[in-house]
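Here is the structure we will look at, set down as structure tokens.
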């Protein structure tokens, strides 16, 4: 008889063999028990988690001639035997990856009409159903919606998001999960014992971790390990087969990093790479090992988070004792960044060596600390400068209460004795003289409106406006206070934010009320779109030209007014002489002044 792979030899034959999918097993058993078998099921989950195996076991249970009391298939009847061997006419497996066209689905639709030949149900198992074309899905849709009573469809897929929703809505969906390390180790140990091999706990740990939650992968690795080690299933042999890094070497490498011994760390790394270990594999192994150390350090050996043997957990605890949590997290972060760099780097080994030097160099750690201190110092100075006004206010505010207390004390002393009143007044007068300017200064400082004060309150203003109307806050985020003219605050929007400018103007009253309540004083707002300085200069020029024009017009007006006045005066004079002549019946004689001048000269 030819060799049969272990994953085929130990494929689940009944519900008991299905490990790690208890929620699926329980639902299917209840459906059989209560005669609530659906016409279509969708099994979704990662590879190697038992989707196809579960479908075959369910098909056996549907057609078993003599099921057990717990609804397990007997495995001995003709139907069970033929389904296990793959020769049953009632259980048809279809690989959708190679039969994905509309013609194959049309052929399936024709065969569905026939009744089952041996059992009670005809079961169609369509593996990797997401590979079907859109036309094939649509051809399957009607049959899947209203199949004959004796037909059950089981669709299996690793990518359920690619299955069209009209198909998915007509199926009962079951999500298969990755198997735990404990479940995989239990199954691998059972198979190894059935095959007559002894396997230690450390070797089981390595195989189970390498399976990454897939039972089929774990069984295949066990099959490979038996062939590689000739039945000697020791941890060292399995690690060498898988190309894994020895944990002692990783522990030694981390110890060199913690002691800042970059030379020894690089030498150990060189030996590992020269032995044929890949750079990415070394990085992945180191990060996984650091994760184990971090969990042990933070959660303890007996937390149950790591499902390893007790001896291996104690080894991890010893290694974690030599490293701080900060050091471990720094190593994980650096090698996570390294993995991104390796994808595009022309010299991956150089990148790895640089990362090792960074982690093991005292100078780099000191420079990093200095950089952080410098950054904190810069931020502190910036905060102090911005908060200087607030500090001054806090110093000035207590002045007024102190003045009032002093005044009260002085008045009480005056009331106590008349003899000391004169001295108390003299002592109180200088204090009051000093206090009154201080009080005025405090009030004036509180009432003054400056650009720096507005900017200090700007973030708080946005927060308050957000509470009232978030849309207005979104409009105002594009602007900034640019100038203050008396009680007027100039708020400028960029040239390309015309929409925000118009929206803010329409909500000017809301913004003005919020700013006024924050500053505790009356303010006016002016919104400007574009460059405020340029606009202010243009306004000054236009104002100057308007004043010049007004001056010219005023001069013309004055000259015209004087001319009108002189003309009116002449009219008035002429009118008075004529009136006098009329009253006295006189005659007006015009005099030639040149003649009078000549006579006067003679």
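A short reminder: the numbers here are calculations on the coordinates, not readings from a lab. All values reported here derive from a predicted model rather than from experimental measurement. Here the Cβ positions follow ideal geometry from the backbone for every residue, glycine too, while neighbour counts run over all protein chains shown.
Here the contact order of the stretch 1-157, divided by its residue count and restricted to Cα pairs under 8 Å and six or more residues apart, works out to 26 percent. Most tightly packed first, judged by the mean number of other beta-carbon atoms within 10 Å of their residues, the peptides 41-54, 266-279 read 41-54, 266-279. For the stretch 223-290, the convex hull spanned by the alpha carbon atoms encloses 88 Å³ per residue. Estimated at 0.36 nm per residue, the fully extended path between residue 517 and residue 456 surpasses their Cα-Cα distance by 20.5 nm. Here the peptides 230-236, 472-478 are ranked by packing, the mean other Cβ count within 10 Å, and the order with the highest first is 472-478, 230-236. Scattering from the stretch 87-183 was approximated by placing one identical point on each alpha carbon and applying the Debye formula without solvent; log10 I(q)/I(0) at 0.19, 0.20 1/Å stands at -0.93, -1.01.
The orientation-averaged projected area of the convex hull spanned by the Cα atoms of the stretch 6-177 comes to 9.3 nm².
For a test of the definition: using alpha carbon positions, the gyration tensor, and the 1.5 limit on a/c, classify the stretch 247-364 as rounded, prolate or oblate. Cα axes put the stretch 247-364 in the prolate bin.
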